[in-house]
Amino acid sequence: MRRLTAILAVVALVGSLAASSVAAAPPVARINHFFGTFDMLVEGTDQVVGHIVVDFREPTLEQVVPGTLDVDWEPYDLDHPPFPFMTLAYPPVRESHAQLLTAHFDTYDDQYWGHVVTGGTDGFLCDYTGPWDANCRYFSVLFQLTTLGPPRAANWSVGDFADPDRVVFEAGQGSFVLTYAGPTGS
């Protein structure tokens, strides 16, 4: 009888410890994330204008900065200037580096692009023409996966997403990974 009581006590103890460890497990975090390292192409062409490396996710209390974005622009050519915002900087921009402020993710259906999954970010982008020579400005960009077209770095703009001077690049050779778990903030 003592053995049976001891075995039942051990089973009850193990069961209660297992239940408390399951209850204490942290919830699985939802991850909206974009990572890309690819050539940017003039929309509808094979002309490479630069190479981008970008990695961002929704900011959290544990990671308040959403991520990073850096561009190495192709050398300047008068007939095909790679940098799209020539009125902002002179001489030609060699590279751009961002301080990201926000990140947002969504999905929708479009009659021209089909099903679209979007990851976007904005912040301040500094365009470097040389050492100690940078011009910084607010910018926003969307990265889109579509069912009826190539991956895009769309609506890259000097202002917000409604900016009429926005520029669209297609993703060329490289890696373009957009993980969508649900609308931002939900």
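Every read-out reported here was derived from the displayed coordinates using simple, explicitly stated rules and does not represent laboratory data. For clarity, every value in this text was computed on a predicted model and none was experimentally measured. Heads up, the Cβs are rebuilt from the backbone with ideal geometry, glycines too, and the neighbour counts pull from every protein chain shown.
Here are the numbers:
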{"item": "Where labels lie 7 Å past Cα in the beta-carbon direction, separation of residue 112 and residue 37 in nm", "result": "3.3"}
{"item": "Distance between modelled label sites at residue 70 and residue 124, nm, 7 Å Cα→Cβ extension", "result": "1.9"}
